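The structure appears below as structure tokens.
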Amino acid sequence: MNWKGVIHHYRKFLPVTEKTPVITLLEGNTPLVFSEDLTKAIGPKVYLKYEGLNPTGSFKDRGMTMAISKAIEKGSKMVMCASTGNTSASAAAYSAKSGCLKCVVLIPEGNIALGKLAQAMIHQAQVIAIKGNFDDALTLVKNITDHYPVELVNSINPFRIEGQKTAAFEICDVLQGAPEFHAIPVGNAGNITAYWKGYKEYNDIGRSKQLPKMLGFQAAGAAPIVLGHVVEKPETIATAIRIGNPASWKKAEAARDESGGLIDSVTDDEILDAYKRLASKTGVFVEPASAASVAGILKLSKQGYFKKHKDARIVCTVTGHGLKDPNIAIKNITEPVVLKADIKAVLHEIGL
Ligand code: F0G
């Protein structure tokens, strides 16, 4: 197939017209990877929707192709977002591709993974670090974009959700219908909202005969939806989902309740275990936040949640690439040994 990006492929499901200038980096069409290891451990067939293979290394590109195309259609000259890193990387890249948009991003100082910062900067966004967290940054961005001719490209922009729902379409297209369960990390709660919208739309037109139960997972130190209240000082190693007051809180609860699913939390230790397990036993390298979905299904499995569902399929969205956050990877491995450039020494070391 000659893949031309999510707007081209799913045009009839998206609010675009002939007049919409399509800004694309050919995002989407990401692999649905079967995990033998997780299937053996859990029972139902486990698939990973490997969103780290999008052009900027995260699922944000699906929404950003829409948000940036619509901003240009409207005549905007400047876009702005708050970000834990991936949104800023994506907004910066798509703005660069447009050739005509200035991109400004607000990030929480000291809490953004190295790769994401590098991306926003090399794509020439104006990057401003805020002495505060993501929630503080988003409040500022909402305020500015409400009062100035600047387009907000966070996931409260409905075009972001429209673009991101295409991941659910792709899953149904591959599996010939929705899986029984869909597990997903939850931060600002845009993505769980988008998937649920996508699954419902495919169900409505008969492309799927069922809807999945949506299983959302927050990091334990940043789990406002699970706790039922705002977390003033969210903390987690999974900086992408270090969010204490998700903008799409109510929509995430609706996805949970309408689907008969749940939103639970996983500890940083559980996230790191799943992160290492994915890399070492399935060969899929993700950033820590992405591993929350897998940590979540491992936790539920231990509680017997999937006992009666051995024939079911679980799709886990793994949202961002592991290379985004190299420091975490390096902290979780043992340093390589250093040897002389000598064959005997190398053979001895590898046990030959
Ligand atoms: N996983 C990754 C890798 C993310 O970057 C995000 C969100 C999420 C999961 C959660 O998705 O917010 O739609 O519930 N990152 C945003 C950002 C907040 O600024 O890049 P969500």
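The values are calculated or read from the model by the stated rules, or taken from the named source; none is laboratory data. What you are looking at is a predicted structure, and each value in this text was computed from that prediction instead of being measured. Methodologically, a virtual Cβ is constructed for each residue, glycine included, from the backbone with ideal geometry; neighbour enumeration extends over all protein chains shown. Surface areas here come from the heavy atoms of the whole protein model, side chains and all, with no ligands, DNA or RNA. Shrake-Rupley method; radii C 1.70, N 1.55, O 1.52, S 1.80 Å.
Worth a mention:
- Residue within region 70-80 that is among the polar types (S, T, N, Q), over 12 Å from Asn154 (Cα atoms) and within 11 Å of the ligand (Cβ to nearest atom) present: no
- Criterion (at pLDDT 95 or above, of a type in the set (Gly, Ala, Ser) and in contact with a Ser or Thr (Cβ under 6 Å, 6 or more places away or on another chain)) met by exactly one of Ala254, Ala222: Ala222
- Condition met for Lys49 (buried (at least 18 other Cβ atoms within 10 Å of the Cβ) and touching a Cys at 6+ places or on another chain (Cβ under 8 Å)): yes
The rows are residues; the columns are (1) within 16 Å of the ligand (Cβ to nearest atom); (2) in contact with a Gly (Cβ under 8 Å, 6 or more places away or on another chain); (3) not in a helix (DSSP H, G or I).
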| residue | (1), (2), (3) |
| --- | --- |
| Ala252 | yes, yes, no |
| Asp257 | no, no, no |
| Leu272 | yes, no, no |
| Arg277 | no, no, no |
| Ala292 | yes, no, no |
| Leu300 | no, no, no |
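- Scanning region 82-112 for residues that are assigned to a loop (DSSP other than H, G, I, E, B) and within 12 Å of the ligand (Cβ to nearest atom) yields Ser83, Thr84, Gly85, Asn111, Ile112.
- A single entry from Lys131, Lys97, Lys116 fulfils the requirement of being modelled with pLDDT of 95 or more and closer than 26 Å to Ile297 by Cβ: Lys116.
- Every condition in (1) open to solvent by 10 Å² or more (accessible area, probe 1.4 Å); (2) in contact with a strand residue (DSSP E or B) (Cβ under 7 Å, 6 or more places away or on another chain); (3) within 16 Å of the ligand (Cβ to nearest atom) is met by Pro55 except one, and the failing one is (2).
Listed here are the residues, each with its yes/no results for (1) assigned to a helix (DSSP H, G or I); (2) under 21 Å from Ala194 (Cβ atoms); (3) charged (D, E, K, R); (4) touching a helix residue (DSSP H, G or I) at 6+ places or on another chain (Cβ under 7 Å).
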{"site": "Thr56", "(1), (2), (3), (4)": "no, yes, no, yes"}
{"site": "Ser69", "(1), (2), (3), (4)": "yes, yes, no, yes"}
{"site": "Ile144", "(1), (2), (3), (4)": "yes, no, no, no"}
{"site": "Phe159", "(1), (2), (3), (4)": "yes, yes, no, yes"}
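- When residues of region 113-142 are limited to those that are part of a loop (DSSP other than H, G, I, E, B) and more than 18 Å from Glu232 (Cα to Cα), the one most open to solvent (accessible area, probe 1.4 Å): Gln124
- Any hit, region 228-238, residues being assigned to a helix (DSSP H, G or I), within 13 Å of the ligand (Cβ to nearest atom), among the hydrophobic types (A, V, I, L, M, F, W, C) and crowded, with 19+ Cβ neighbours inside 10 Å: no
- Of the residues making up region 186-219, those that are aromatic (Phe, Trp, Tyr), within 13 Å of the ligand (Cβ to nearest atom) and either open to solvent by 50 Å² or more (accessible area, probe 1.4 Å) or assigned to a helix (DSSP H, G or I) (or both) are Tyr195, Trp196.
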